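Heads up, the thing below is written out as structure tokens.
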Amino acid sequence: MSTERLHELPADVLALIETRTGPVLKHETAVSGLNSEIAARIHTPETTVFVKGLREGHRRVWTQAREADVNPHVRGIAPALLWRIQAAGWDVLGFEDIPGRHADYAPGSPDLPLVADVMSRLSTTQAPDITLRTMSDRMKAHTDTPELFAGDTLCHTDWFPTNVLITGRIAVLVDWAWASRGAAWIDPALWVVWLIDSGHTPAQAEQWAARIPAWNTAPAESIDAFARATASVWEEIADGQTEPWVDGMLHAARTWSAHR
């Protein structure tokens, strides 16, 4: 379930931000994103900062700590965290602003090799010694063999196209709220479903996944089990939901599971 986005920055939050940035000239609320009450680009006379925030009592406020803890370990593939404020009932993160556009996953998109490249880099990143859920734990309600998804790799797990920014000739990953510990092939597997939703056949989607070396060494039975579990996850998400994109992802997950 998505978090309702505030269309205007509350005055108390703006005052908190100014303690770190100085006077704010203007700000623009981000339209995309599902996890934060506050997501905005903040402009000052000297710089631009991207901020994300939640009330300290929000049920997802833990995602703020997750992003802050992960950030030092993903420098070079994610915007740097500049500061964190926990005050006046708010938890606010300030990131370097990365100019760019959201990735296009459609067949033939020039973004696909860039996404595969950043995913390959991430697949070799060991999960740091911070609080992270494991993929085995996250998927245990959807499979009888969650142990097949275990590993020590840092997984992003949320490959919504708006979480991948294309800037120049590289892809940068944002929104690490659902970062987890798991097998190195987990992110390519999750990307397969997004690619199918974007118009690829399952075979074409898996060809892109094969650009990531970890995919090619994954046991077939593990990927088969993950495909089934992923379809179950999207069935749970779609239950009671009305957003068209959720229905699209459910269809894509079922299509991939049938293909496997």
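Every number in this text was worked out from the coordinates using simple rules, so none of it is lab data. Everything numeric in this text was worked out from a predicted model, so none of it was measured. Methodologically, a virtual Cβ is constructed for each residue, glycine included, from the backbone with ideal geometry; neighbour enumeration extends over all protein chains shown.
Figures for the structure shown
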| quantity | calculated |
| --- | --- |
| Sorted by Cβ neighbour density within 10 Å, fewest at the top, the residues V24, V233 | V24, V233 |
| Distance in nm between pseudo-label sites at D104 and R133 (7 Å out along the Cβ direction from Cα) | 3.4 |
| Expected-Rg normalisation [2.2 N^0.38 Å, Cα atoms] applied to the chain | 1.02 |
| Which of T19, T230 has the fewest Cβ neighbours within 10 Å, and the rest in rising order | T19, T230 |
| Stokes-Einstein D (µm²/s) once Rh is taken as the Kirkwood radius of segment 95-154 over alpha-carbon pairs, at 10 °C in 1.306 mPa s | 110 |
| Debye log10 I(q)/I(0) for segment 11-96, one point scatterer per Cα, at q = 0.19, 0.21, 0.25 Å⁻¹ | -0.85, -1.04, -1.40 |
| Rough spin-label spacing in nm, given labels placed 7 Å along Cα→Cβ, for H259 and E243 | 2.3 |
| Packing-based exposure ordering (other Cβ within 10 Å, fewest first) of V246, V92 | V246, V92 |
